[in-house]
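A.B. asks: Please see the structure below; I have some questions.
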Amino acid sequence: VIGVNCYHSNQWEHPGDDRLHWHLADPRRLELADMLQSLWQRYERPQFISETGHVGAGRPVWLDEVGSAVQRCPGRGVPLEGVCLYPLVDRPGWEDAAHWHHSGLWDVPITESSGASGHLPRLLNEPYARRLEFWLSKVGMRYDDALNATTTHSALPSFINPTGSLLSHLIVFSH
């Protein structure tokens, strides 16, 4: 299985570092469905989007971009096995722990008193949650079932490994 990370800043010109900005609709950007199809043609291995997400108010629009690409994959013969939304709960920056990205399904509002009790509050980002619910409905999954899949085994998909035996879990180790 091939894992593909997909973020707004994943396309740039080489050599150099001229970013092909998603939010500016740079015409040089390649479509995600085209890239997944190219990957399938090259390696002929099942794929999943191992990380995708966006920041701030752009989260629902980004999810529409990814969801519509995912929807086009079966018609192209591309075996896309799933999508991992990252992060589920907002996170601080890698280089600056005081900067929170507002990138999760749940935001963590930081104030001077945050964490004083040992717990940080989490607030569901309603627009992002509504778009996630929309895209889950396209694959016949309910929002509640998707969230329960993080804590129960009943909603986890089964995968076939190369030996033909059934795998009941897919475990992804990531940073």
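The values are calculated or read from the model by the stated rules, or taken from the named source; none is laboratory data. Bear in mind the structure is a predicted one, so any value in this text is a computation, not a measurement. Reconstructed Cβ throughout: ideal geometry from the backbone, glycine too, with neighbour counts over all protein chains shown. Only protein heavy atoms, including side chains, enter the accessible area calculation; ligands, DNA and RNA are left aside. Shrake-Rupley method; radii C 1.70, N 1.55, O 1.52, S 1.80 Å.
A.B. asks: Which percentage, to the nearest 5, of the DSSP beta bridges contained in the range 1-93 is antiparallel?
C.D. replies: Numbers: 1 of 9 bridges.
Rounded to the nearest five, the antiparallel share is 10 percent.
A.B. asks: Could I ask something else about it? With a sphere of radius 12 Å drawn around the Cβ of ARG19, what net charge do the other residues whose Cβ falls strictly inside it have (Lys, Arg +1; Asp, Glu -1)? Mind showing how you got there, number by number?
C.D. replies: Numbers: positive: ARG28, ARG29; negative: GLU13, ASP17, ASP18, ASP26.
Net of charged neighbours comes to -2.
A.B. asks: Given a 1.4 angstrom probe, what's the average accessible area per residue across the range 2-142, in square angstrom? Display every interim value, and only then the final one.
C.D. replies: Values: 8610 Å² over 141 residues.
Heavy-atom SASA per residue in the range 2-142 reads 61 Å².
A.B. asks: Let me ask something else about it. Say R0 is 35 Å: what FRET efficiency, to the nearest 0.05, do LEU123 and GLN41 get from their beta-carbon distance? Can you show the working numbers first?
C.D. replies: Numbers: r = 42 Å, r/R0 = 1.21.
Taking R0 as 35 Å, the efficiency between LEU123 and GLN41 is 0.25.
A.B. asks: Run the quick spin-label model on ARG19 and ILE110: label points 7 Å from Cα toward the beta carbon, then report their separation in nm to one decimal.
C.D. replies: My value for the distance between the label points is 1.9 nm.
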